[in-house]
Amino acid sequence: MKFRLWVLAAVILGGVSCQKAFLGDDMKSTPRDNFQELWKTLDQKYSFFNYKQIDWNKVYTKYSCQINDSMSDTAMFRVFSGMLAELRDGHVNLTTPFDVSHYDKVFTCSAHNYNAKVITNCYLKKDYCTTGPFYHQFIAGNQIGYIRYSSFMNTFSTSDIDYVTTRFKDLKGIIIDLRDNGGGYISSAFTLCSRFADQRRHVYTSYLKNGPGHEDFKSPEAIYMSPDGVTFTKKVCILTNRGSFSATSFFVLAMRNFPHVTVVGDTTGGGLGIPSGAELPNGWCFRFSASKTLSVKGENFEDGIPPDVTVNLKNSDLIKGVDTIIEKAVTIILSGQ
């Protein structure tokens with residue numbers, strides 16, 4: 001992988017700062033001016049209009065009539081937020097001094113498929129280890145290692161993850177629980193992935209937006225992953241749900257190329273467009289997806305990566321302190337599937 005892409009992704013998936021120089025200091029700042037700038041910037045730079053079949057001109061017509069130059073900042077924020085929600089993208093936000101817009105329908109309208117209390121009491125238990133951001137424990141009669149990683153925003157050192165893979169090196173398999181991991185630094189995703197790579201492989205292809213047309217992208221860049229550090233190449237199961245978003249989806253997209261890896265649970269939340277940011281004339285910042293990422297086979301999983309094995313939590317199991325998804329992963333590993 002080229003270093004420049006690692007740095008780009010690590011910075012922008014971890015947050016985007018506003019820079020007035022991006023748009024200039026001399027622009028007008030009426031509600032209509034700000035609306036025009038927001039709509040135009042997204043029209044030229046957002047990456048998923050065609051994929052999501054969004055008629056952006058129709059969206060303009062719907063919301064432009066709601067703008068007037070005497071409206072309050074709060075009213076303007078509501079209109080802008082409504083327009084951004086039309087993109088159906090968790091990487092699209094508007095940040096103001098008094099509120100931040102968000103799109104979380106993909107997370108709130110799906111089965112949760114994760115119960116922290118059951119994980120803590122029945123799988124991690126009292127004697128689990130904490131190494132950096134990783135909670136890890138022996139499960140299934142000490143035959144399998146369980147790793148809980150809650151956010152790629154929680155960085156770790158190479159020695160942290162090498163300690164964990166060394167601890168589990170003699171086991172039959174490892175379960176990596178990334179449910180409700182909303183993403184963070186893609187550099188952390190690739191460091192983690194390298195510990196489970198069996199050989200150098202093409203893991204996905206990146207397309208960066210570079211022109212005003214909705215399908216104006218730079219030439220595709222193939223992204224590769226190679227083994228590094230203390231690796232584990234026996235059976236690995238990754239647990240996902242709809243709360244597995246952004247950098248977590250990048251991790252899953254890369255890992256699914258390795259023959260010893262099985263993804264178990266629910267479809268991820270997607271979020272495979274690398275976000276960029278800009279600033280409106282009034283100083284409000286906004287973020288949007290400025291790239292697209294395709295699988296090795298050319299598939300676009302922006303709306304979510306489906307698991308290899310679909311499993312939902314059963315309430316009847318939870319009552320007994322059993323996580324249905326973990327138990328399916330245990331069966332897969334122990335049976336050699």
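The values are calculated or read from the model by the stated rules, or taken from the named source; none is laboratory data. All values derive from a computational prediction rather than experimental measurement. All Cβ positions, glycine included, derive from the backbone under ideal geometry; neighbour counts span all protein chains shown.
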Open item on the list: Looking at I67 and the list (1) closer than 30 Å to L318 by Cα; (2) at pLDDT 95 or above; (3) among the β-branched types (V, I, T), which single condition is not satisfied?
Closed with: (1)
Open item on the list: Please go through region 130-145 and give me each residue that is in contact (Cβ under 8 Å) with a residue 12 or more places away in the chain and more than 24 Å from S187 (Cβ to Cβ), ordered by number.
Closed with: Q137, F138, I139, A140, N142, Q143, I144
TODO: Might you let me know whether region 10-17 holds any residue that is modelled with pLDDT under 95, buried (at least 16 other Cβ atoms within 10 Å of the Cβ) and assigned to a helix (DSSP H, G or I)?
DONE: yes
TODO: For region 269-282, state whether one or more residues are touching a Gly at 6+ places or on another chain (Cβ under 7 Å), part of a strand (DSSP E or B) and at pLDDT 95 or above.
DONE: yes
Open item on the list: Go through region 45-67 and report how many residues are surrounded by fewer than 13 Cβ atoms within 10 Å (Cβ to Cβ) and among the polar types (S, T, N, Q).
Closed with: 4
- [ ] Pairs only if they're at least six apart or on different chains, beta carbon under 8 angstrom, first in region 226-237 and assigned by TED's automatic domain parsing to the domain that holds D162 and surrounded by 15 or more Cβ atoms within 10 Å (Cβ to Cβ), second among the hydrophobic types (A, V, I, L, M, F, W, C) and at pLDDT below 95; list them, first residue then second.
- [x] none
Open item on the list: Looking at region 198-207, can you tell me whether even one residue there is more than 14 Å from A254 (Cβ to Cβ), in a loop (DSSP other than H, G, I, E, B), under 18 Å from the mean Cα position of the chain (by Cα) and not charged (D, E, K, R)?
Closed with: no
Task: The one condition in (1) crowded, with 20+ Cβ neighbours inside 10 Å; (2) in a loop (DSSP other than H, G, I, E, B) that N312 fails to fulfil - done: (1)
Open item on the list: Looking at region 153-171, can you tell me whether even one residue there is under 24 Å from V311 (Cα atoms) and among the charged types (D, E, K, R)?
Closed with: no
Task: Pair list, Cβ under 7 Å, 6 or more apart: region 290-307 residue within 14 Å of T240 (Cβ to Cβ), other residue among the small types (G, A, S) and in a loop (DSSP other than H, G, I, E, B) - done: F301/S295; G304/G269
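Residue by residue through region 114-128, note down the ones that are assigned to a loop (DSSP other than H, G, I, E, B) and either modelled with pLDDT under 95 or at negative phi (or both). Working first, answer last.
Going through region 114-128, the residues assigned to a loop (DSSP other than H, G, I, E, B) turn out to be 114-115, 125-128.
Matches in region 114-128: Y114, N115, K126, D127, Y128.
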Task: Options T331, T240; residue that is at pLDDT 95 or above, β-branched (V, I, T) and either surrounded by fewer than 23 Cβ atoms within 10 Å (Cβ to Cβ) or out of contact with any strand residue (DSSP E or B) (no Cβ under 9 Å at 6 or more places or on another chain) (or both) - done: T331
